[in-house]
Structures are given as C-alpha cells and as structure tokens.
Amino acid sequence: MSSIVEQDGQKQLDNYVKQQLRFIEDSEKQELEEVEQRVKTLSPGTLQNNGLALLNMRIASGRTGLGGKMILELERDAGFCSIPALPAHSFGTGDVVRIQESGASKSLNSADSSISWDAVVVRVRENTISLALENDDKIPDGRKRLWIFKLANRVTFEKMRSCIQQLSKISLESSTPLVSVLLGMRKSTLASEELALTYYNTDLNESQKKAVSFAVSAPELALIHGPPGTGKTHTLVEVVRQFAKLGQRVLVCGPSNLSVDNLVERLAPCGIPMVRLGHPARLLPGVVNYSLAYLSRTGNAGEVLRAISQDADALHAKISKTKSGREKREIYKSIRALNKDYKKYEDKVVRDIIARSQVVFATLHGAGSKLLSHKQFDVVIIDEASQALEAQCWIPLLQTKKAILAGDHHQLPPNVRTKGRYVSLFESLLSRYGPRVKRFLNVQYRMHEVISAFSSKSFYEGQLKPDSSVKDRLLKDLSGVEDTDLTNDALYFYDTMHEYFEDENSVSEKSVLLQMSKSNQWEAKIVCNHAASLVDAGLNPSEIAIITPYNAQATLLRNLLHERNLAIEVGSIDSVQGREKEAIIFSLVRSNDEREIGFMSEKRRLNVAITRAKRHLCVVGDAMTVRNGSDFLKSWIDYMEENAIVLAPTEDDLK
Ligand SMILES: Nc1ncnc2c1ncn2[C@@H]1O[C@H](COP(=O)(O)OP(=O)(O)OP(=O)(O)O)[C@@H](O)[C@H]1O
C-alpha cells in the first residue's frame, strides 16, 4: 500500500495535470476561435492585405520531402498576377495553412477534403512557398487556381497535451527525483562539492564561471538567470562542452528555432558529434550542415535515399502529362509505395545518426518527435526557458534525470493569451526554491551605463553591471558617425507634453481582429525626424530599430519611413526580444486624458523595450499620460527626466 505522503503526491500530480490540461485547452480554444472569426469575417482580399493569405496561386511542382511527405511548391498564377514575387505576407516555416480552390466558399472544416487541404509551410522564397501536405490521399488539382490562409497551429497543442497526459501516467515512486523536484514535491539536492573545472573559454567572467560549475555539478536542477546581454548563450556553450568532456549525452532545447540555432552555431566549431532535429528549411543557413536531413543525405545512405526520391520525383513529373484518371491513380499508388520505402530506410538512417550524436538539438516542440521517444539523456538544457510554456518544457524534461534552464523572468513570457500574468516554469521554480537552485549572471555586454541603470535598479536589485568595454560607448565613437547633439549622449526623451494626443482610431470588429489599435501621427513624425537625423550624422540605417507596442503605429511609421526612403526596421516589442541595435527609438503612442496606457502596463514589456539599445535610446511619448499609468511607470518617467537629454518637438516635427 502506498504511504500517505505518496497518496498526497499523487493527488498533487493529478491536480497539476488537470490544471495544465485546462490551460492548454483554454489557450487552444481561444486561438482557434480567433482564427475562425478572422477567416469567417474577413474577405480573402483583406486577409491577403494583412499578410494572412496568399491568393491566385498555382502548383509549380510536387516532390517527396523528408519523411516521405508530399511537398507542393506554389507560385503566383501568371494569368492573374503581373509580378511573380509573392505579396508582403507573414507566412513562415512551420505555420499550419489551409489550401483551397479559388472561388470555393471558405471552409473551416478540415475534413472537407474535396475542396481544402491542410499543410505545413516548409520553405518560403521570394516567388514561391512550399507546403508539406498533412495527408496526401487526395492532392489539389494542378490546373486549378488556389489560395492559402493561415490556421491556428493545433500540432503544438496536441504535443503539449500528449506530454502532460504522459506525465499523469507516471508513478511517483519509480519516477526520477527530478520530476518530484519540478512538481514541488521535494527540494532539489545540493551538490556536496562543486567540480573544479578547467574552462575552455578563458574569457568567461566570474559570474559565468560560477554558473557553469554550479550547473555541471548540480545533481538534478540548475537555473541560470541571465538579464539582457549577460551572455546566457555564451555560458550555455561552455556548459555543453563540459558535459561533453565528461562523456554525457545532452539534449539542448529552446522554444524557438532561433534559440536552438544560436547554440548550434556557437558549438559547431568545437568538434563534438552533434545533430540538429527539425526541418532544414526552418534552420539558420550556418546550421543546415548539422541537420538530420543533411546528415542523412550524405554518404552511402544518402545515395540510396536520393535514388528512391528521384524515382518518386520522376513519377510526380509524369502526372501532369497524364490525362487518363486510371493511369493517374496508378501513378499515385506507385508514388505512395516509394514514399513508404523511403520512410522505412530513412528511419533506420536517422536513428543511427541520433545514436551516434553526443549532443542533440531540437526545439521543445521538436523534442516530442517520434525519433526521440523512449530516448534518455544525461542532461536536458533549455535555453530561453522563461519564454516557453510550462507544458512545452515537460516534453524534453521527461527524458532526463537532470535539467538546466536558462532564462530571465523579467523579460516577456511566451506569447499566449491568459487572464492573469503568465508565470513560466522557470519563474515558478525560481520563486519556489530561490537562490539554492540558481546562479545569476551580473555583467552585461550590451548597453551604455545610463541605458541599463533603470532596468538594473527596478528588475535586478541593482546587481546588473555594465562591462567596462560598453559602459561609456556612444554613437559618436563609431567610425563614420559625426559628433552631434544627438550622438554624444546615450539617453534621449522627447516629451510630447500632453499636447499631441493619440489618433481617434476606429475600434471596428475588423481592426480588433487584425490587432490594429492605437496610433499617434505626431509621435510618428517626431520619430522619423529623429531617425533621419541619426542617419544624417552617419549612422547606418540597419543599426537603428524603431519599436512601438501598437500595430497601427508600426504601420504608420513604416509608411512615413518609406516616403522618406529610410530603410529602418520597425517592430513590436515582442519582435525584438533577444536582439540588439546600436540605436533604438521607442514610440509610446499613448496620450489621452483618460490616463490609459494599455500594453505599457506590462512591466516585462517595458524592460525588453529599454534594454535593446547599445549606445542610443530615444523614447518618444507623453510623460503626463505615462506617468499616471502606475507607480512603476512614474518611477521610469522620473528616471528619464533626471537622466536623459529631454527634448521638445520642433516646428519642423509638427508640420
Ligand atoms: N565573458 C564575456 N566576455 C566578453 N564578451 C562577452 C562575454 N560574455 C558574453 N559576451 C558578449 O555579450 C554578448 C551577448 O552574449 P550572448 O548572446 O551570449 O548573451 P545572451 O544573454 O544570450 O543575450 P540575450 O540578452 O539576447 O539573451 C555577445 O556579443 C557576447 O560575445
């Protein structure tokens, strides 16, 4: 009979599982409803204009891809489009899309396979988009005009659900101590003594070295808390190398392809046998040579696979020339048989490659691949763990006895709609176990001192210090940049003085569905003039980014910059997390009598926005509206007024 402690533990686990499943279900429902509403309400033209659909497409070619999937390459139908380039769109690899025949009424029912097909984007080029069909029993007619639109990505929810269900089945008695630690049922064990390591990277600072030896020595769990620019990735590279030296097998994951690829790129020169799972079309170019697809296609095994896929491709080509329905069916049958052979042989090849690799890289989602099922690793490392959903983290965590999570809970959490503040696994472990499971990286290599000081004081208890190599860097120190009033300081604030109110934006259903929202044309003018002055002073436009919390403001800014021929990136705060530029201009937008500050009320969003700039941060906004938003925002505005060069809009700005 199980003890009371175990019964309590089981109850706790059941509750945890229920709570996670409810969260997954709610998030999925909300995402599906939003997509459904968008597709139902908006015309195909509006969807295309907002980057969510591509109209007037036709099949350019078909082939067999990795996993024996049928890949269709779509291009614009020359009969309907004057230029071959795809219009501006937001499709990216991994997106789930629906393909439909043009003219057929929009189908939201995936079972309706006579007019619609679901597929995953595997490659996007200037003129074409390639899609892997989910099910190739029936293929769209190559002579028909097609259109595609974005769907919610159900696959991710499915993987999280199956992983949490797996968790519900484990027996606490026989599971690893790590599982109990992660569930909060027992404290993590401390290493009796930390290993004395010889570091590969002799440039590591003291806090990075401490984090490495703590992580390598910890029996079950280690958290590395790295504020902006403190070298989390740098530190994790050393951690992986140390584990490799000890002969351990490591699974390295992150929530996005980029987070994983950054680590692959930096570990590539170290000569450790490694493989990156995931479709090569989704990977950074420098990483492709480590992808499973590349490795499985080189050498003898690759030749066999190439021969099978060439046979299948030849049959694909034959289809378009075949008129008889019966012949076509026969060809499809042969293609399917070849795809099956391909898959069988490929499975064997890829399993061998994985078995030989000491370090395996995958996104959290990719760690749920069948290729890794029942595989155990000595260590699982999750980078950017604070940007991952808790259920996603469990996907690799069930495959190990030891976990290392790196992240910063004071930056943005994963992009998911929740009622309250989203708390990641990283953050909940940190608040549950505190300093005993974490090491803090305290030197940042990005920002001028005055840019980072507010963030350091407000989020990191004043512990975040600039390295001496960056603390005084200004734009004027860059070669080719003149010494002007706008380049000889690091922090600037245009206070619009409660005189230039935000625009009266429409709040139609359409604007809400497209997440269009607030704009402020006065601010947009000031921002563009400021950017133009920096370019006039000699700064390369690619070294400037403009960020704003509102889509409508971003659109307005892009149009103004386009009119002035300024090729400057404009993005949301979420889109610049993890990135940096020499100069950042931050447009706050909100200026009203109601003291509404909307998106800016999320502290973590502000922290990300103000920690992207290396040498120049210019904030444009209405101090009075923002100050009234909260005590925290008041303290930020006070800091700006005391430490920034405060500027007022000029007549030129207001023309
Ligand atoms: N010990 C060090 N000595 C010198 N430069 C360093 C050191 N550690 C990190 N850096 C530099 O700091 C920058 C940021 O490093 P890295 O990309 O590893 O940080 P990160 O914490 O992953 O970044 P982010 O803030 O985007 O999460 C890089 O240019 C890196 O070369």
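Data overview
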item: Condition met for Leu372 (surrounded by fewer than 23 Cβ atoms within 10 Å (Cβ to Cβ), closer than 24 Å to Ser162 by Cβ and in contact with a Leu (Cβ under 9 Å, 6 or more places away or on another chain)); result: yes
item: 1 or more residues more than 16 Å from the ligand (Cβ to nearest atom), among the hydroxyl-bearing types (Ser, Thr, Tyr) and touching a Gly at 6+ places or on another chain (Cβ under 9 Å): qualifying strands (runs of 3 or more DSSP E) within segment 354-470; result: 359-363
item: Test set (1) open to solvent by less than 40 Å² (accessible area, probe 1.4 Å); (2) over 30 Å from Gln387 (Cα atoms) - Asp313 fails condition number; result: (1)
item: Hits in segment 322-341 - residues which are closer than 14 Å to Gln310 by Cα and touching a Ser or Thr at 6+ places or on another chain (Cβ under 6 Å); result: Asn339
item: Yes/no for Glu582 being of a type in the set (Asp, Glu), at pLDDT 85 or above and within 14 Å of Ile546 (Cβ to Cβ); result: yes
item: Members of segment 237-262 that are within 12 Å of the ligand (Cβ to nearest atom) and touching an Asp or Glu at 6+ places or on another chain (Cβ under 6 Å); result: Gly254, Ser259
item: Candidates Ser452, Ser431, Ser458, filtered to the one that is closer than 21 Å to Arg612 by Cα and open to solvent by 30 Å² or more (accessible area, probe 1.4 Å); result: Ser458
item: Condition check for Lys343: in contact with a helix residue (DSSP H, G or I) (Cβ under 6 Å, 6 or more places away or on another chain), open to solvent by 70 Å² or more (accessible area, probe 1.4 Å) and closer than 24 Å to Ile139 by Cβ; result: yes
item: Residues being open to solvent by 10 Å² or more (accessible area, probe 1.4 Å), closer than 18 Å to His89 by Cα and aliphatic (A, V, I, L, M) - total across segment 43-76; result: 2
item: Restricting segment 195-212 to residues that are among the charged types (D, E, K, R) and exposed (fewer than 14 other Cβ atoms within 10 Å of the Cβ), the residue that is farthest from the ligand (Cβ to nearest atom); result: Glu206
item: Residue that is over 19 Å from Met274 (Cα atoms) and at pLDDT below 90, where the choices are Leu372, Leu389, Leu405; result: Leu389
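The values are calculated or read from the model by the stated rules, or taken from the named source; none is laboratory data. Every value quoted in this text rests on a predicted model; they were computed, and no experiment measured them. Please note: Cβ atoms are built from the backbone with ideal geometry, for glycine as well, and neighbour counts cover all protein chains shown. Remember, those area values only see protein heavy atoms, side chains included, never the ligands or the DNA or RNA. Shrake-Rupley method; radii C 1.70, N 1.55, O 1.52, S 1.80 Å.
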